[in-house]
Amino acid sequence: MLLGYALRRFGVAAVTLFVAVTLMFVMIRLVPGDPVQILLGPRATPELQARLTAELALDQPLLRQLLIFYGNLLQGNLGVDVFSGRPVTLIVLEQLPHTLRLIFASVLWSVPIGILLGAYAAARPNTLFDRVSAVISVGVVAAPAFVVALLSLLLFSVHLRWFPAIGAGEGFWDQLRHLVLPAFAIGLSWIGYIARIMRASMLEVMGADHIRTLRALGVAERPIVLIYALRVAVLPVVTIIGVGVGFLLSSAVFAEIVFARPGIGKLVIDAITTRNYPIVMGAVLMSTALFVTATTVADLINAMLDPRARAGK
Amino acid sequence: MLDVTRSSPPIASIRGLQVAFCTEDGPVLGVKDVSFDIHPGETLCVVGESGSGKSVSSMSLMRLIDYSGGIIQKGELLFDTGAAAPVDLAQADQALMRQIRGNAISMIFQEPMTALNPVFTIGHQLTIGLKLHKGLNSQDARARALELLQQVRIPEPDRRMTQYPHEMSGGMRQRVVIAMALACEPKLLIADEPTTALDVTVQAEILSLINQLKAETGTAVLFITHDMGVVAQIADRVVVMYRGDKIEEGPVEAIFDAPQQAYTRALLAAVPRLGEMQGTTLPEPMKLVGEAQSTSAPITGTDDVLLKVENLKVRFAVKGGLLRRHVANVHAVEDVSFTINKGQTLSLVGESGCGKSTAGRAIMRLLHPQSGQVILDGQDMMALSKRQLRAARRDVQMIFQDPFASLNPQIQLAEQVAEPLRNFGNRRDPAIMDRVATLFDRVGLPRAFMRRYPHELSGGQRQGVAIARALAPAPKLIVADEAVSALDVSVQAQVLNLMMELQADLGVSFLFISHDMAVVERVSHQVGVMYLGRIVELGPRAAVFENPHHPYTRALMQAVPIADPRKRHLIDSLAFRPIPSPIKPVGHTAEPSQYQQVGPDHWLLTNNHYDAADASQTN
Amino acid sequence: MTVLKSQSRSSQILRAVLRDRLGMVGLVIVTLVVACALFAPWIVPHDPNAMNIQDRLQGPSLQYLLGTDQLGRDIFSRMLMGAQIALKVALPAVFGAMVIGMLLGMIAGFGPEWLDSLLMLVFDTIRSFPTVMFALAVVALVGPSLNTVILVVMLTSIPTYARVARTQTMSLRSADFVMAARAAGTSSPRILAIHLAPNTVGVLAVLMAMDIPTVVALEAGLSFLGLGVKPPTPSWGALLKDGYALIRQTPWLIVAGGLPIIVTTLGFTFFGEALRDAVDPKVKKGR
């Protein structure tokens, strides 16, 4: 049953990616002007322009162009860097691990805290803890990652000098030290987000009939909350974490700029300022693929945890 | 079953209980001053309508009330734990309560679909209590759980242990919940409306099961219900509650034969009893206590055909697989034919999923039938274009089950009643509001309600508005889909009488869709019994009720709890009856319904797809 | 039956929001921000774009409440004007997205199944682009400007509104009162207009209030990256961009850019949450 669900889910993901790629193509074409000019910008050499014209098959009918576009993508060909002439795929793949590391670090510290905060608040509704944590979680959601990044840079790097301001560092410990502030900045609003969803979910579950059944059986409150309620309440959060990768990816772009870290965000911004558009498009497509994969995996994990999801849908 | 050893001390004794709930508008009393005893081995029924506080005393005894915002303000909850003196549970701390809950006192609830945790197996949930209270290890607990599943007559207990709740039907889940409650052999079993959410045949099974388990284990049962029929079937003693007070208490025969209090008398008068129309052929309004009886004459109607339905079929596509293809069909309504005469009522009766509501909506073309003919007063409803259909709908109106959902929360009541008038007439006609006012008078609602919003009315009042709306365009036929099922019994009686009165006065016909045999007996001229999408028996009400031919009709009649303690007929077969699936693969051709005439206008389905013996097999 | 004065749903909702303490705080903040945006040109102490080279990079003083930037412009005045830019982007973008999303969502929920599947596929795809990445792609293609930001925000948030409107429409479509309206001969357009739309717009309004912070942040973010509004315009994001460049000289720019974003976000979120609790009391938990 789970296998069937997984196949179906991957099918959906593939279709989504396919449509996304098509939308990108349409978007490029909707912009008035010569696509080669738009994609390569004014600085490209004539040879490159000729090469791209050939690669995009611009002399061919539109539908055929689209097919060639798909063909290139399927071969992992996202075009070439306007300046160096290196394949975009390679350049993006070089930068991707930096971003992934940052996202992973942010998830690692913020998700558990968010879940516990939300669950704890829900288990004690209307107490001081609940109220305070509700305000805090709204508060931290309210702070956009790049604002937190700037403020923490100002406070912890420039003023207190606790953490390095720029770069990704060398060697494990140094890299870790460089990760602290950006991961903090990205994760902070994410904590509030998770906590709020967890709290809402947990409150719903704590009011459910099956929790009353357990109470009527004489089960103590602690196992009710920590085992039976949490196990059900965490399900929507799992799905949200998948969606959240897209959110974190967006925040990572800013964190990479603020802390001058390498990564896919920095790559894109630099490419936009130098009008190196193949890189921009390649990176956007790659991050979309990453996002779609993340939501798919989250749904699969959800299905593993929830017998109903496996059977239904 | 009936003799209660009064000499033995009560197992639980509720003394002067007062419980308040915290709400946004300050504390509200749930029960004011309630006292009663429960003796070992007896079944005590606490009966009352919504808002009577009937659940509050049991929730207090379990101290589960603490979790739903209730505070025990006064009173004692004495419980005999076996120690020298009874313990006052009102003063007990939660640690002590945890030892008692699920062990000495256990509880079953109303909604079996949500009472079990969706992500743990049945086996796991069954063993929780055993491990907790009896200290059993996993292996012993499992063995005992299997035994329990057998005790509640669940087929294939081994396989059930590894299943999840969503893989089981409601009746099966309720059996699991009962097994969980019985796991530690409690002295007192509290059952809070345990059969309200179930179909009547499943209800009969569960009631018999509870009764039999009581006899086997000797546990006392505190049974809470709103249904006087259920009370009559299983109670030894009865406590009647009304608005937080105990109105009356006594042995079940005394309560039914010689009720002392006016409220109890009114309540009992409002309960339709299966069989009480015997000897009559026509429906007539109920005689209620304290109501000015205007028309109590039988309603004759006419013999002119108003609606003729022939070979109606409705199927819903089931989609599945990788590409969400059309893989199967739900045969919701399968070759159904009937006619309704002008000024008369035909009832479609059956259990959930039998297709009765679908049939009602299909003849109004609120959903699209596969095939079939619907002729209303000479007009072919199926042949109408969209525009013509809209105009034709003034002749057929509808009343729904849930009075909360059938009115738009955002629109003033007068406007909602005026809606059909505006659609079928001149939108700006100034006379519309006068007509609405007369309609409000007609259904007995004060004109002041016209400017109100739905949330400001009670359920019965809302149903009145829904009826007014249905009456507005002066329809020839009203489809009443479980129109009184969600109402308290006294309100139900008033609404039923109103409907019959309207029929007598206006000559309107009803297609009355219901699961309640007793109500159907009261209001119908003709009855069609539905099972798995087909009408299995169709005929005049008196013939179908007094001389049922189809085994399913008989099973249904037998399952109805009659509100008379001298007519106890708890069924003895406790085996689980699975209902066959109406889902058939694409391309499945269903055989046409074939009928045999067994009396004047009395028809019996001969296609053999229901077999009482077969149905008792396991799936 | 208690004798109540008849209340329509909207007056009930307003009352519930005002009763909620955090909702009240939110409402006050929202009012302040809107007032700032409306009256900024008259209440700023200095012309926000006037350069005064002698006074550059000054600390806070009575003359310059939050000091001056590298061109000697008054930071406090620029901060006040920033409210105007923020709402100039956020309000039309969110409102446009809401209207279009609601229309498309109701069409998807009420119309034929194939149209629903098609619309949903497109919406799901747009949602599968990480927002900022998508924004960057659009900016790269059409060039940075205030209108680009509005366009991006609308494109990325239409699917959310549409999805909610669709779910709401679908659950209402089979609601008894809609069935009753059909039986009463009400036409489909009229059902959409008087039964479905009024019962959908409340949920979307909540979403709108909750969405404004996201949009404000996105606008500021793009401006911070230099891809939003054009340079002399005093956007909060532009203040942050200058502040980042001058982080070691003056902390005031970052504070002046960051704080209003956080306060605005808080205000709209508190307000939105109170509104949600009022519109859908089911969701209201505790408090």
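Rundown of residues vs (1) in contact with an Asp or Glu (Cβ under 7 Å, 6 or more places away or on another chain); (2) within 21 Å of A:L17 (Cβ to Cβ); (3) assigned by TED's automatic domain parsing to the domain that holds A:L181, yes/no style:
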site	(1), (2), (3)
A:V80	no, no, no
A:F83	no, no, no
A:R86	no, no, no
A:L90	no, yes, no
A:L108	no, no, yes
A:P112	no, no, yes
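The condition of being of a type in the set (K, R) and within 15 Å of B:T43 (Cβ to Cβ) holds for only one of B:K187, B:K246, that being B:K187. Set side by side, the residues B:L498, B:L502 differ, and just one is surrounded by fewer than 20 Cβ atoms within 10 Å (Cβ to Cβ), in contact (Cβ under 8 Å) with a residue 60 or more places away in the chain and either in a helix (DSSP H, G or I) or touching a Gly at 6+ places or on another chain (Cβ under 6 Å) (or both), which is B:L502. Residues that are more than 23 Å from B:Q492 (Cβ to Cβ) and either within 8 Å of chain C (Cβ to nearest Cβ) or assigned to a helix (DSSP H, G or I) (or both) do occur in the range B:342-358. Residues in the range C:121-156 that are more than 11 Å from chain A (Cβ to nearest Cβ) and part of a helix (DSSP H, G or I): C:L146, C:N147, C:T148, C:V149, C:I150, C:L151, C:V152, C:V153, C:M154.
Restricting C:L227, C:L239 to those that are touching a Lys or Arg at 6+ places or on another chain (Cβ under 8 Å) and buried (at least 18 other Cβ atoms within 10 Å of the Cβ) reduces the list to C:L239. One residue is enough: does the range A:155-165 have a residue meeting the conditions surrounded by fewer than 23 Cβ atoms within 10 Å (Cβ to Cβ), within 16 Å of the chain's Cα centre (by Cα) and in a helix (DSSP H, G or I)? Within the range A:155-165, none of the residues are surrounded by fewer than 23 Cβ atoms within 10 Å (Cβ to Cβ), within 16 Å of the chain's Cα centre (by Cα) and in a helix (DSSP H, G or I).
Here is the figure for the range C:187-207: residues that are within 22 Å of B:T358 (Cβ to Cβ) and surrounded by 21 or more Cβ atoms within 10 Å (Cβ to Cβ) total 0.
Confirm whether C:D211 is in contact with a Lys or Arg (Cβ under 9 Å, 6 or more places away or on another chain) and touching a residue at least 60 places away in the same chain (Cβ under 8 Å). The answer is no for C:D211.
Total residues in the range A:74-85 satisfying the condition of being surrounded by fewer than 19 Cβ atoms within 10 Å (Cβ to Cβ) and hydrophobic (A, V, I, L, M, F, W, C): the figure is 2.
Under the condition of being assigned to a loop (DSSP other than H, G, I, E, B) and within 23 Å of B:I65 (Cβ to Cβ), the residues counted in the range B:156-182 number 0. What are the residues in the range C:251-265 that are more than 7 Å from C:L240 (Cα to Cα) and more than 7 Å from chain A (Cβ to nearest Cβ), if any? C:W252, C:V255, C:A256, C:L259, C:P260, C:V263, C:T264, listed by residue number. Of everything in the range C:225-250 that is within 11 Å of another protein chain (Cβ to nearest Cβ) and polar (S, T, N, Q), the residue that is nearest to the chain's Cα centre (by Cα) is C:T250.
Does B:N423 satisfy the condition of being within 11 Å of chain C (Cβ to nearest Cβ), surrounded by fewer than 21 Cβ atoms within 10 Å (Cβ to Cβ) and closer than 21 Å to C:G185 by Cβ? Criteria met by B:N423. Residues in the range B:142-181 that are surrounded by fewer than 22 Cβ atoms within 10 Å (Cβ to Cβ), over 28 Å from B:P580 (Cβ atoms) and either of a type in the set (K, R) or within 14 Å of chain A (Cβ to nearest Cβ) (or both): B:R142, B:R144. Can you say whether A:R215 is in contact with a Phe, Trp or Tyr (Cβ under 9 Å, 6 or more places away or on another chain), within 11 Å of another protein chain (Cβ to nearest Cβ) and charged (D, E, K, R), as far as the supplied structure shows? In short, yes.
Just one of the listed residues (C:S10, C:S77) is part of a helix (DSSP H, G or I), modelled with pLDDT under 80, crowded, with 21+ Cβ neighbours inside 10 Å and of a type in the set (S, T, N, Q), namely C:S77. Considering the conditions (1) surrounded by 19 or more Cβ atoms within 10 Å (Cβ to Cβ); (2) away from every other protein chain (no Cβ under 11 Å); (3) β-branched (V, I, T), C:I107 is excluded by exactly one of them, (1).
The values are calculated or read from the model by the stated rules, or taken from the named source; none is laboratory data. Since we're looking at a predicted model, the values are computed, not measured. Here Cβ is always computed from backbone atoms with ideal geometry, including for glycine, and neighbour counts include all displayed protein chains.
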